[in-house]
Amino acid sequence: MANEQLKVLNALDSAKTQWYHFTAIVIAGMGFFTDAYDLFCISLVTSLLGRLYYTEPGSDTPGTLPSNVSSAVNGVALSGTLAGQIFFGWLGDKMGRKRVYGVTLMLMVFCSIASGLSFGKEAKGVIATLCFFRFWLGFGIGGDYPLSATIMSEYANKKTRGAFIAAVFAMQGFGILAGGTVSIIVSSSFKARYPAPAYEVNPGLSTVPEADYVWRIILMFGAVPAALTYYWRMKMPETARYTALVAKNAQQAAADMSRVLQVDLEAEPEKVEPRVQGNDFGLFSKQFVRRHGLHLLGTTSTWFLLDIAFYSQNLFQKDIYTAVGWIPEAKTMNAIEEVYRIGRAQTLIALCSTVPGYWFTVAFIDRIGRFAIQLMGFFFMTVFMFALAIPYHHWTLRDNRIGFVIMYSLTFFFANFGPNATTFVIPAEIFPARVRSTCHGISAAAGKAGSLLGTFGFVYAVDGIGIRKTLMILGVTNFFGVVFTFLVPEAKGLSLEEISGENEEEDAAELGTVPV
């Protein structure tokens, strides 16, 4: 019977917080550290790429990437991520979470290095190879989303599961912080070693040849944390829920978790006999649509809407800071100085708002719940975005720039103490084990579709209608996030089987009925 849940799953649900929980957080979290570093470090070097490869001789201002090239460089990794989320999410349900976990990491290591070794000295060659390798880098990053979330949710106990999954995702904040920090260290070193005048003083000498190494080193550093965690990923056993409920090998699940939990567990093979026909429904069945269709709509739509705003803000921070005068005009700096200024701005925002927002979620998600945090986050993102957009001219005045940065930081804080974390956590909890990784991958891919819309749309929107109206559009987007959050169920304090309805499915199957 469903109520007679496997002892190995009960043991996981009721286990006290142990060392293996923290080990799993670090192992899975370092993947997200690398993901965030690789996805967001590109925004730190696009200005340098423009100076190196698109500066016109005799121009009064340094070169910048054309809109289409800027969108491609910023967005191509997101395209790869979208494809990787769907593919590896599906593969994680078919082959097991652990079996494909190392593949994604090695792909990230190789492509991080290859991105920094982009070939040629001409713009077309460098940008083409950079985009090629960043697509496959994104493909590997995409696999990390459903696999890390699913593995952590299936390892965790039900009392602190939300905090553990959110802690994995919170490593993204440290990855963004590391991107800014590495850019500051690298640009400072090169600036001290190769001093150069500002562009307006001497355009030809403002970009030293050695500046070409700066962006390459920053991109290649992303391989380091990923490589360091590969061995430990391979040592992790497959999750008990996949082994028992999907692979139907209770003996192996009990053996793996006995070693992890350091207790003796009974195998109970009779409880994982093949399910009664009609119970083991697939993703595209009427039963799935009836039970989980609105849930999947809720997770995909909220992640889609969130990422439109979140990635627009993150990838184009430097454009907004320049528009309000927080970063000086490009012509008043040399090439390496500009990288330093952009890195410093991103680091400050990450330190003051992005990182704290993630860890506020970790602290409160199992106290006030996923639904409340997501609703609150979208609400305050809407409020602060309109507060920036409506009196936009006010914020551009010199005396009000600090206020603008504070308000802008608060939108990041409530994105991370809000939907940016919860949209990652919820899909890992509310779907059955047999389609959990796939559904998380689909939800995450919807988010990346939103990030692509934000990345490409922001460039053209700012050029066409200006920053003020673009910020108002983002405010409306956040408001729709509030609305669609009502489709998402609360998972606080419940086991994964209780949330997903797998227990009820088994009961109904034994009675010869299909659950409604």
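The values are calculated or read from the model by the stated rules, or taken from the named source; none is laboratory data. The structure displayed is predicted, hence computed values, not measured ones. Here Cβ is always computed from backbone atoms with ideal geometry, including for glycine, and neighbour counts include all displayed protein chains. We work out accessible area using only protein heavy atoms, side chains counted, and drop any ligands, DNA or RNA first. Shrake-Rupley method; radii C 1.70, N 1.55, O 1.52, S 1.80 Å.
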Using 1/(1 + (r/R0)^6) with R0 = 35 angstrom and r between the beta carbons of residue 486 and residue 10, what's the FRET efficiency to the nearest 0.05? 0.65
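Given the Cα-Cα distance of residue 67 and residue 331 and 0.36 nm per residue of separation, how much length would full extension add, in nm?
93.1 nm
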Relative contact order as a percentage, the range 317-410, C-alpha pairs under 8 Å and 6+ apart, gives 36
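Go ahead and run the numbers for FRET between residue 247 and residue 469, Cβ-Cβ distance against an R0 of 45 Å, rounding to 0.05.
Working: r = 53 Å, r/R0 = 1.17.
Efficiency computed from Cβ-Cβ geometry: 0.30.
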Under the Karplus curve 6.51 cos²θ - 1.76 cosθ + 1.60, θ = phi - 60°, whole-Hz ³J(HN,Hα) for the range 55-70, x wherever Gly or Pro sits: 7, 8, x, x, 6, 6, 10, x, x, 10, 5, x, 3, 5, 6, 4
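Which percent of the accessible heavy-atom area of the range 160-229 goes to carbon and sulfur, probe 1.4 angstrom? Mind showing how you got there, number by number?
On the way: 1860 of 2620 Å².
That share works out to 71 percent.
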Relative contact order (percent, whole number), the range 107-216, Cα cutoff 8 Å, 6+ residue spacing: 20
Value of [θ]222 nm, deg cm²/dmol, for the chain, DSSP H segments ≥ 4, -39500 (n - 2.57) each, nearest 500: -24000 deg cm²/dmol
Note, the range 439-445: 3J(HN,Hα) by Karplus (6.51, -1.76, 1.60, θ = phi - 60°), whole Hz, Gly/Pro = x, goes 5, 5, x, 5, 4, 5, 5
Please list 3J(HN,Hα) in residue order for the range 11-28, calculated via the Karplus relation 6.51 cos²θ - 1.76 cosθ + 1.60 where θ = phi - 60°; whole Hz, with x for glycine and proline. 5, 5, 5, 9, 4, 6, 4, 10, 4, 5, 4, 5, 4, 5, 4, 5, 4, 6
Under 8 Å for C-alpha pairs, at least 6 residues apart: give me the relative contact order for the chain, rounded to a whole percent. 25
Given the Cα-Cα distance of residue 396 and residue 18 and 0.36 nm per residue of separation, how much length would full extension add, in nm? 131.0 nm
Given a cut-off of 26 Å, name the pairs among 158/235; 159/286; 98/448 whose C-alpha atoms lie farther apart than that in the structure shown. 159/286
Would you please give the residues with an amide H less than 5 Å from that of residue 334, counting only those at least 5 places away or on a separate chain, with H modeled from the backbone geometry? 199
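Estimate the FRET efficiency between residue 201 and residue 476 by the formula 1/(1 + (r/R0)^6), using the beta-carbon distance for r and 41 Å for R0, to the nearest 0.05.
Values: r = 44 Å, r/R0 = 1.07.
Efficiency, from the Cβ-Cβ distance: 0.40.
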